[in-house]
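This report concerns only the one structure given below.
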Amino acid sequence: MNTINVGILGLGTVGAGVLTILRQPHPDLAGLNFRVTRAAVRHVTAAREQKYPEIALTTEPQSIVTDPHIQVVVEVMGGVESTWPLLKTALTQGKHVITANKDLIAQHGDELSTIARAHSVALFYEAAVMGGVPILHTLTHTYANDRIHRLVGIANGTSNFILSQMHQAGRTYQEALTLAQQKGFAEADPINDVAGIDAAYKLTILARVAFGVHPSAQDINCQGIAGLSPTDFTAATHWYQVIKPLIVADQQQGSLALTVSPFAISQNHPLSRIDNENNGIVINSVNFQEMLLAGPGAGALPTAGSVIADLATVGHAIQAQRVPVFAPLIAVGPSLLPPEAYRAQRFLAWQGSTLPDTLPVIDRQISANGIIYALTQSVSVAEVRLWQEKYPTQLLRQFPVLSD
Ligand SMILES: NC(=O)C1=CN([C@@H]2O[C@H](COP(=O)(O)OP(=O)(O)OC[C@H]3O[C@@H](n4cnc5c(N)ncnc54)[C@H](OP(=O)(O)O)[C@@H]3O)[C@@H](O)[C@H]2O)C=CC1
Ligand SMILES: N[C@@H](CC=O)C(=O)O
């Protein structure tokens, strides 16, 4: 039986996880006869060479993507500027590519997919969206004959971990972030996690696959979790709500609205129970109506498990001499709602003894430390921006409330 030679770019959290799984005996993987021959890292150390004696380590990823003996490139090193030309080269040279890199796929996925198609090779990236949750496979296979109208999810494990730890374990924001980094959940630059950038990349990919739209960063309302305070969680409890870091793609005013933000959601909502690094997504569609898909959204083995699932699909296709294809559900999607037009009720924290009459408040409470918390009627982002300009010191925090 022919072996399938694999080159790996990166042996960090995810790359090491991939090798751990490949070393475990498994009949399906054994039947595919993968052989990881080469791997690229920044630092080739004696300890690494001892740990992976069967793999030639290099600090030159370019030498792997141009190696004529390698059929599949697994990219788990991250970043865009260095990986973009590498993966273009790999695809152009007729190699199948599997990546966990959402930054790259969100920004250059369309171009890379075109190159992959032109060279009859696969470009798969299940691990790039929601780690171990098989959302892309589910959308492209299970939902192939359905029509999705709304996606609401938790797609960043680090943010969900931080908020869960602040709310349930009494950790500070910084303690929780440090722990998420130690556990291998956070990005190389964790600002991508906490500012909502990582989740926006995932929403970009999901919107492309589920709705056939091609958003840029400017099309997404994006708000991070930094600055949330423990009293916010207590205030939310008063209204039977929890605060979750969500991605939302829903229809408003005949267009698709894309939002990344902490949201106040009902304690009865299925995502209210998805904690720590776990991710979850509620898909509303015509046929399946409402479905929840949930599981580990970050970490070595769950993410590597998604890489391996893609690798197995590619391996089976190579054995059958087929081209494995990744097809979005819809070719051309709806128009995108301008971010400032997005409307939602707002949860707000206010520093001061009274709220101005001009705010459309429907309920309020005062926290132990004298902050006024309020729920407002549904307002547009444009209106919220006016409040922020008018009350820069009093309006401490505000974020949307998820509607049913
Ligand atoms: N961690 C997670 O839970 C998840 C991560 N991802 C994505 O997977 C990718 C990898 O993440 P993760 O494993 O956490 O990252 P790590 O930082 O743990 O690992 C990155 C690896 O790439 C190597 N590397 C980086 N730059 C270069 C370079 N220029 N040349 C050669 N080697 C290089 C590093 O080498 P060295 O070790 O020598 O520094 C390291 O081995 C990212 O795109 C990330 O967004 C996706 C889902 C979940
Ligand atoms: N940093 C990311 C890793 C997985 O995509 C996250 O926390 O979700």
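The values are calculated or read from the model by the stated rules, or taken from the named source; none is laboratory data. Source: prediction; values computed, not measured. A quick note on method: Cβ atoms are made from the backbone with ideal geometry, for glycine too, and the neighbour counts reach across all protein chains shown.
When you go through 361, 325 one by one, which is the residue that is surrounded by fewer than 19 Cβ atoms within 10 Å (Cβ to Cβ) and either touching a Gly at 6+ places or on another chain (Cβ under 8 Å) or modelled with pLDDT under 95 (or both)?
Values: 361 fails: either touching a Gly at 6+ places or on another chain (Cβ under 8 Å) or modelled with pLDDT under 95 (or both).
Result: 325 is the single residue among 361, 325 that is surrounded by fewer than 19 Cβ atoms within 10 Å (Cβ to Cβ) and either touching a Gly at 6+ places or on another chain (Cβ under 8 Å) or modelled with pLDDT under 95 (or both).
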Within the range 20-36, residues without any contact (Cβ under 8 Å) to a residue 60 or more places away in the chain and surrounded by 18 or more Cβ atoms within 10 Å (Cβ to Cβ) come out as 36
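Just checking, which of 335, 229 is in contact with a Lys or Arg (Cβ under 8 Å, 6 or more places away or on another chain), away from ligand 2 (no atom under 16 Å from the Cβ) and touching a residue at least 12 places away in the same chain (Cβ under 8 Å)?
Working: 335 fails: in contact with a Lys or Arg (Cβ under 8 Å, 6 or more places away or on another chain).
Checking each option against the conditions leaves just 229.
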Out of the residues in the range 85-103 that are assigned to a helix (DSSP H, G or I) and of a type outside the set (Ser, Thr, Tyr), which is nearest to ligand 2 (Cβ to nearest atom)?
-> 102
Assess whether residue 175 counts as being within 11 Å of ligand 2 (Cβ to nearest atom) and assigned by TED's automatic domain parsing to the domain that holds residue 155.
-> no
The listed residue being closer than 17 Å to residue 404 by Cβ, more than 16 Å from ligand 1 (Cβ to nearest atom) and in contact with a helix residue (DSSP H, G or I) (Cβ under 6 Å, 6 or more places away or on another chain), out of 265, 283, 220, 225 = 265
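Here are 80, 44: which of them is closer than 26 Å to residue 183 by Cα, more than 29 Å from the chain's Cα centre (by Cα) and in the same structural domain as residue 315 (by TED's automatic domain parsing)? Can you show your working first?
Working: 80 fails: more than 29 Å from the chain's Cα centre (by Cα).
After ruling out the rest, the residue left standing is 44.
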Give the residues of the range 96-133 that are more than 9 Å from ligand 1 (Cβ to nearest atom), in contact (Cβ under 8 Å) with a residue 60 or more places away in the chain, under 14 Å from residue 9 (Cα atoms) and out of contact with any Pro (no Cβ under 8 Å at 6 or more places or on another chain), sorted by residue number.
-> 98
So residue 178 clears everything in (1) in a helix (DSSP H, G or I); (2) hydroxyl-bearing (Ser, Thr, Tyr); (3) touching a residue at least 60 places away in the same chain (Cβ under 8 Å) except one condition, right? Which one?
-> (3)
How many residues are surrounded by fewer than 20 Cβ atoms within 10 Å (Cβ to Cβ) and more than 16 Å from ligand 1 (Cβ to nearest atom) when one looks only at the range 165-187?
-> 8
How many residues does the range 384-393 hold that are buried (at least 16 other Cβ atoms within 10 Å of the Cβ) and not hydroxyl-bearing (Ser, Thr, Tyr)?
-> 2
Give the residues of the range 188-208 that are aliphatic (A, V, I, L, M) and either surrounded by 21 or more Cβ atoms within 10 Å (Cβ to Cβ) or modelled with pLDDT of 95 or more (or both), sorted by residue number.
-> 191, 194, 195, 197, 199, 200, 203, 205, 206, 207
Are there any pairs, at least 6 apart or on different chains, whose C-beta atoms fall under 9 Å, with the first in the range 149-163 and outside the structural domain of residue 224 (by TED's automatic domain parsing) and the second within 12 Å of ligand 1 (Cβ to nearest atom), and if so, which?
-> none
Which number in (1) of a type in the set (Val, Ile, Thr); (2) touching a residue at least 40 places away in the same chain (Cβ under 8 Å); (3) within 30 Å of residue 332 (Cβ to Cβ) marks the one condition that residue 80 misses?
-> (2)
Of all residues in the range 104-135, which are buried (at least 19 other Cβ atoms within 10 Å of the Cβ), touching a Phe, Trp or Tyr at 6+ places or on another chain (Cβ under 7 Å) and in a helix (DSSP H, G or I)?
-> 104, 105, 106
